[in-house]
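Nothing in this text is a laboratory measurement; each read-out follows from the coordinates by a stated rule. What you are looking at is a predicted structure, and each value in this text was computed from that prediction instead of being measured. As a convention, Cβ positions derive from the backbone with ideal geometry for all residues, glycine included, and neighbour counts pool all protein chains shown.
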Amino acid sequence: MWESYKYPQDQVVYLWEDKTLHCWFRNRPDLTLNQCRDLVEVVCAKFDIASPIVKDGRGCKQATATRYCVQMPKYARCGIVVLHEMAHVIQYDIRGDSDHEEEFMGIYICLLELYFRCSRAELERYMKQYNVRHQRLTFQDIMKLLKESKLQAALPV
Ligand SMILES: [Zn+2]
């Protein structure tokens, strides 16, 4: 039914990021590629997931992530972008796919809380203002989702 169709929220997520996170943290490309790799390693260790390869993003217009590879072009090398891409990597681990919808935002918010000491209440206030939907996920919730997906993968077909 068309009433239940939800408009994909890619554009509002980017707008919300620009108007809030990138302003608050004066986000400049202030990390080296190796520092981006270090942050990726820290997140992977915390969530107990395999590390993706971090590449220099040559020829990429923007940072991108698949389950196994994060591309970090020079101008995008800052903490917020690394965490955005890591939210994709974690979501890939949970369901083999990733987008910018509620679950992705739940993971992203959790990473911002953990590594940028963002206030969840404040992030949520602005997400509401920019019509960004999100799922409320704690670190424990995400660990549970990751564990369930591992169990699922281990089940005989
Ligand atoms: Zn994204």
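Summary table
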{"item": "Computed lengthening from residue 148 to residue 6, 0.36 nm per intervening residue step minus Cα-Cα distance", "result": "48.5 nm"}
{"item": "Whole-Hz ³J(HN,Hα) from phi, Karplus 6.51 cos²θ - 1.76 cosθ + 1.60, for the range 111-123, glycine and proline x", "result": "5, 5, 5, 5, 9, 10, 6, 6, 7, 4, 4, 5, 4"}
{"item": "Residue 42 paired with residue 58, simple spin-label distance in nm, labels 7 Å along Cα-to-beta-carbon", "result": "2.8 nm"}
{"item": "For the chain, convex hull volume per residue from C-alpha positions, Å³", "result": "134 Å³"}
{"item": "Span from the the range 56-98 Cα centroid across to the the range 137-155 one, whole angstrom", "result": "21 Å"}
{"item": "Helix-only [θ]222 nm of the chain, DSSP H runs n ≥ 4, -39500 (n - 2.57) each, per residue, nearest 500", "result": "-16000 deg cm²/dmol"}
{"item": "Relative contact order [Cα under 8 Å, 6+ residues apart], the chain, whole percent", "result": "22 percent"}
{"item": "For the chain, size of Cβ-based charge dipole, Lys and Arg +1, Asp and Glu -1, in debye", "result": "360 debye"}
{"item": "Net charge, residue 51 excluded, C-beta distance under 12 Å - Lys, Arg +1, Asp, Glu -1", "result": "-1"}
{"item": "Dipole of the chain, positive direction: furthest Cα of 72, 57, 29, with charges on the beta-carbon", "result": "29"}
{"item": "Cα-based Lys pair tally, the range 9-148, threshold under 20 Å, eight or more apart or on separate chains", "result": "5"}
{"item": "Rounded FRET efficiency, nearest 0.05, which uses the C-beta distance separating residue 99 from residue 24 and R0 of 30 Å", "result": "0.75"}
{"item": "Cβ-defined net charge surrounding residue 84, 13 Å radius [Lys, Arg +1; Asp, Glu -1]", "result": "-4"}
